[in-house]
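First comes the structure, then the notes that go with it.
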Amino acid sequence: MGAVGYRNTFHPKSPILALRAVVPDTLLKHWHEAGITRISQLINDEGIIPFPDLQIQWQIPNCAIFSYLQLKSVLNAHTTLSQEMRGSASVTPHLLIERCWASPTKPKALTLCYKSWQELSPNKPHPHKAQWETDCGVTLTEGDWLHALNDLSKWTKCYSHIEAHKKLLYHWYMTPQRLHRIFPTTSPTCWRCNSTTGTLIHLWCSCGDVQPLWTTVRLVLDELGIPRFLLTKTTCLLLLLPALLSS
Ligand SMILES: [Zn+2]
């Protein structure tokens with residue numbers, strides 16, 4: 001049942017039989033036959049009317065106590081009235097109606113995600129971008145990031161390569177350091193050289209065991225006749241070419 005349905009269902013003016021979705025017909029029958037046809041007849045300025053008072057006013061049979069507890073539980077759970085009713089005698093019918101029309105539930109995780117996404121300030125750098133700038137010691141423009149995100153798809157059609165590259169860019173790559181933060185019993189040490197903390201930059205650039213990879217890259221570039229340039233972190237990992245090659 002959607003939020004609108006709940007709002008309508010638990011509006012004080014709604015017929016009590018509208019609660020059939022949560023309380024069986026057979027139990028609601030006692031209340032309807034006694035003359036209680038609206039939810040508003042179950043509540044007053046103090047909150048939900050106690051069962052003995054309802055019995056006196058409407059000649060409700062004792063056997064209706066179970067359905068009364070069900071109704072009370074449902075109204076407490078699906079309106080925001082219960083806390084205020086318990087803690088304050090100043091709840092008025094106006095507030096009661098106002099609250100019943102309000103959203104009955106707290107926003108769920110997905111709602112909060114979308115809200116956060118929509119409200120994200122364009123001027124606030126994404127955490128992974130700030131981390132890359134710190135790691136590489138450079139300031140990157142939005143144009144740089146567009147190149148970093150999109151250029152690889154010009155050079156390869158292999159989705160595995162593109163996916164791996166995106167994971168690297170967004171810092172989704174699992175490093176020993178990151179795994180150690182999630183699972184403290186694991187070692188944060190680089191699993192290649194086993195000598196220092198396995199950060200993202202260490203694993204891909206600084207680690208002694210990965211240097212043969214970059215030596216091979218240099219040899220391949222030389223064989224292709226590409227002018228020599230410094231293999232920086234931004235070139236190797238973010239694929240941002242130096243000016244002499246990007247023009
Ligand atoms: Zn290492």
Residue 192 fails exactly one of (1) out of contact with any Gly (no Cβ under 9 Å at 6 or more places or on another chain); (2) surrounded by 14 or more Cβ atoms within 10 Å (Cβ to Cβ), namely (1)
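Is it fair to say residue 161 is under 24 Å from residue 140 (Cα atoms), assigned by TED's automatic domain parsing to the domain that holds residue 235, part of a helix (DSSP H, G or I) and within 16 Å of the ligand (Cβ to nearest atom)? It would help to see each step written out before you state the result.
Working: under 24 Å from residue 140 (Cα atoms): yes; assigned by TED's automatic domain parsing to the domain that holds residue 235: yes; part of a helix (DSSP H, G or I): yes; within 16 Å of the ligand (Cβ to nearest atom): no.
No: the conditions fail for residue 161.
In region 212-234, what residues are in a helix (DSSP H, G or I) and aromatic (Phe, Trp, Tyr)?
At the first step, the residues of region 212-234 found to be in a helix (DSSP H, G or I) are 212-223, 233-234.
Passing the criteria: only 214.
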Looking only at region 166-175, decide whether some residue is within 29 Å of the chain's Cα centre (by Cα), away from the ligand (no atom under 15 Å from the Cβ) and farther than 17 Å from residue 128 by Cα.
no
If we ask which residues in region 176-211 are within 9 Å of the ligand (Cβ to nearest atom) and assigned to a loop (DSSP other than H, G, I, E, B), their number turns out to be 9
Taking first residues from region 149-175 that are within 20 Å of residue 204 (Cα to Cα) and second residues anywhere that are basic (Lys, Arg), the pairs with Cβ under 7 Å that are 6 or more apart or on different chains are 173/167
How many residues of region 138-187 are closer than 16 Å to residue 236 by Cα and either among the basic types (Lys, Arg) or touching a strand residue (DSSP E or B) at 6+ places or on another chain (Cβ under 8 Å) (or both)? The answer is 2
Does residue 16 meet the test of being under 38 Å from the mean Cα position of the chain (by Cα) and at pLDDT 70 or above?
yes
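What about residue 135, is it modelled with pLDDT under 90, out of contact with any Phe, Trp or Tyr (no Cβ under 7 Å at 6 or more places or on another chain), within 16 Å of the ligand (Cβ to nearest atom) and in a helix (DSSP H, G or I)?
yes
The values are calculated or read from the model by the stated rules, or taken from the named source; none is laboratory data. Quick caveat, the model's predicted, so the values are computed rather than measured. As a convention, Cβ positions derive from the backbone with ideal geometry for all residues, glycine included, and neighbour counts pool all protein chains shown.
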